[in-house]
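Values in this text are rule-based calculations from the coordinates and carry no lab data. Computed from a predicted structure; not experimentally measured. Cβ placement follows ideal geometry from the backbone for every residue including glycine, while neighbour counts extend to all protein chains displayed.
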Amino acid sequence: MTLLKTLAGALALSVLAIAPAAAQYPDHAINLIVPWAAGGGTDATGRIIATLLEKELGQPINVINRTGGGGIVGHTEISYSPPDGYTLGVITTELSMYHWTGVSPLNYENYEPIALFNADPEAVFVRTDGPSIEDLLSEIRANPGSVKASGANLGGMAHLGWAGVLVTNEIDPAAAPWVPSEGASASLQLLASGAINVVTTTMPDARPMVDAGEVKPLIVAANERVAAAPDVPTAEEALGNKWAAYAWRGIAAPKGLPEDVKTRLSEAMAKVVESQEFKDFMAQRNFGIDYRDAAGFASFMQEADASIGQALQAVGLAK
Amino acid sequence: MDAFALALGLVFNFETLLTIFLAAVFGLFVGAIPGLTATMATALLVPITFYMAPIPAIAAIISCTAMAITAGDLPGTLLRIPGTPASAAYVEDSYRLAQNGKAGLAIGIGVVGSVLGGLFGFLFLLFTAPMLAKAALGFSSFEYFWLAALGLSCAALISSGGLVKGALALLLGLFIAQVGMDPLTATPRFTFGNLELMGGISFIPIMIGMFAVSEVMRAGRRAMAEVPQMNLKNPFEGTLAALWKYRKNQVRGSIIGSLLGALPGVGGDLAAWITYSLAKRTSKEPEKFGKGHPEGLVEAGATNNAALSASWIPAMVFGIPGDAVTAIAVGVLVMKGLDPGPTLMTLHPQNFYAVMIVFAIANILMLPLGWVAAKSARWIFEVPRALLNAAILLFCIVGSYSINNSMFGVWVMLAAGVVAYVLEARMIAIAPIILGIVLGPLVETNFTTSMMIADGNLLGFFGRPVAAVFGVLTLLIWGVAIFQTIRRLIWRDDTHGTARQLPSQP
């Protein structure tokens, strides 16, 4: 009897010891993997999300920049991490492209979406003393290969945004070659130094350089003008051909996340996106807030995957 | 100068000064722990800054970073674990000084040299920041490529074993840098399908392993007794004399540091290597370098801190941060409504000046804090070597684990330690390997980018004025080195192999 009691007591104790631990996700620090370099837009939004999520979850969140391979390294690491909720990641537009261009088999199905928090259209920039969009396109038509463009990696959203501008105006994308770079900062530096002629990136990434009078936006590849730059025409307004390319960012976890952890994270993210601090931050940096919950984010990525696949095939980048 | 007066008011109040002091002490501790980096210290501080006013918040980040980077030289000097890629350039000299009983002097030169370099950088930037930022923006991949190539040629100079062994070590470093994904097209190289290898090999475990673990292996075999330390009362004794003797190096290091530091992503890491090599090249006694000679230490230490202030310029003026620390700082600036960009200088110049003044204060604070650190450093030498080795190994493991929070870093660190032990037994220097790992991706990315821009035409590297000057300079340096090697080979044939050292005259 005594033995039984002791056993029962021990069992009860161990259950007591385990139960709160399991219920109280998270009980230690969480890593947030950012697949892009420190200082870019993804890094900036990732860091603000991390600090706000930290308050919601009550555990420190370490932002880890896992760069390289046009974001593939970081994205791969997020998808391969243990699905215990202690490794999260910021996943970005490029995820919709890897499998189309054949650089990696990764796609949205490798992740457990938590929340989409941002979507911004690509815009075309030249140096302040650079040509108008019409002159730029005629130069490309007249001297194929003379105009070099950059913005991010090969086959990324910035690249696609630029190729789309060319294709919708019946120019071969090869006539204005793409110079891959490690991100918007590096490309803008190349543009300002006069090494290349065009950068496509989002408004917020280029804003300090626009303010400094180094570069100017020509058109924005969006369905309507953006609040951050109301006097910049859309591609359709300027050139008569509709073309929209949005870069997006969201929080995701590796596939196979326990349901309770997913719920906890989704609720926390909903609060983060609603918070005044997040709204202020996004407004200050001119990032567009586009919040969708886990289910909404999943269907968003599914749609993005299909439409980007079509676009990539149209410009000859899909394998 | 109204803005400057306003800035003084923003900085010289109790709250800001206390914040600067506390952040500096925090930075000193984190930086002095081997394997923990300035980036880590800064990241840990960010959540706390949310509850602060703008200027104290940014002051905390600055003073913590500056102190952590300088404190990173402490484990380098005492345990041969360099804290930053830059400090790997001169760790050999500072460690040998400490082993010769002059740890105080080594730390003193590091600290006082850094302070002077930092203050010089402050004055320099106060007047040239906008111009410098503008000039840095004129640098494209062509100029960066030549700078990185110039940095690579430092390998031959910092290697104590001669040109050929230096080049071999550099190639090993460049090879390690190749592992992982191609930075531009994401093609996997030498990864063997291994996910950890796909992320590349981080230089921190390599650096810790190559310098610290190999030393533990050597010292463990020798069972060396404690090293008697001189001048326990005033650990900094002799520092000022050394700095005065090498004042030319001090000034030159500060100037080069201020200029190179302003180049986003390149400057900070590269500058100290370049000035260390320059010091050796122009020294009257280059054979002493790498064996506990203060000359290179003075110049590279000054460069390090001058570059640190300068690295903030492109981040503040154009929102282009060069490294993780400035990226975090840009985030804090934005959060506090001090948007980086030209408006920071025009609309709110007092904020800009306040940031610069904080740099100056943080630098001055290094003196007393560094003195205390140097004074306590002797305890390290009173610990029996066997126990110290165990502690060093523990720090090595923790440090390399913390990079990616995975055991992979620990295995890399241990393997690097064994490799370095074998190489050093064959008189092959370690520093060029680290240089190769740091500069490999820079050389490669900028070469590929430039080739795409120039449509594969190699002459493109001379197509821009600044790039052309850098290019010709680099090729000249290489040409002279190759010419000297050939001449020496011929000469050695005549004299039956008596010349083994690199000739000291250029």
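Scanning residues 5 or more positions from A:VAL179 or on other chains, those with amide H under 5 Å from its amide H are A:ALA149, A:SER150, with H placed 1.01 Å from N in the peptide plane.
Karplus-derived 3J(HN,Hα) values for the range B:296-302, using 6.51 cos²θ - 1.76 cosθ + 1.60 with θ = phi - 60°, are x, 4, 4, 5, 5, x, 5 Hz; glycine and proline are entered as x.
A Gaussian network model of chain A, with springs between Cα atoms under 10 Å, assigns the largest mean-square fluctuation among A:TYR98, A:TYR80, A:TYR246 to A:TYR80. Straight-line reach from B:LYS284: taking Cα to Cα under 24 Å and skipping same-chain neighbours fewer than 8 places apart, the lysines in range are B:LYS102, B:LYS165, B:LYS245, B:LYS248. Using modelled backbone amide H atoms (1.01 Å from N, in-plane), which distant-in-sequence or interchain residues come within less than 5 Å of A:LEU218's amide H? Amide H to amide H, under 5 Å and 5 or more residues apart or across chains, A:LEU218 pairs with A:VAL124, A:PHE125, A:VAL126. Considering helices alone, the calculated mean residue ellipticity of chain A at 222 nm is -14000 deg cm²/dmol, with DSSP H runs of length four and up weighted by -39500 (n - 2.57) and normalised per residue.
Averaged over peptide B:176-184, the number of partner chain Cβ atoms lying within 10 Å of each residue's Cβ comes to 4.
Remark: the A:LYS242-A:ASP27 segment gains 72.4 nm on full extension, using 0.36 nm per residue and subtracting the alpha carbon distance. What separates the Cα centres of the range B:270-322 and the range B:409-435 is a distance of 23 Å. Taking a ≥ b ≥ c as the square roots of the Cα gyration tensor eigenvalues, with a/c under 1.5 meaning rounded and otherwise prolate when a/b beats b/c, else oblate, which class fits chain B? Verdict is rounded for chain B. Of the complete DSSP H runs in chain A, those spanning 18 angstrom or more by Cα along the long axis with a mean Kyte-Doolittle score not below -1.0 are A:2-23, A:41-57, A:259-274, A:294-314. For chain B, the relative contact order comes to 27 percent (Cα pairs under 8 Å, sequence separation of at least 6).
Taking the range A:160-191 and a reference point 7 angstrom along Cα→Cβ of A:ASN223, no backbone N atom is nearer than 12 Å.
In plain terms, the residue of B:TRP491, A:TRP36, A:TRP100 with the fewest other Cβ atoms within 10 Å comes first and the most crowded comes last, giving B:TRP491, A:TRP100, A:TRP36.
Shape call for the range A:182-267 from the C-alpha gyration tensor, a ≥ b ≥ c root eigenvalues: rounded (a/c under 1.5), prolate (a/b greater than b/c) or oblate? Prolate shape, in that a/c is at least 1.5 and a/b is the bigger ratio.
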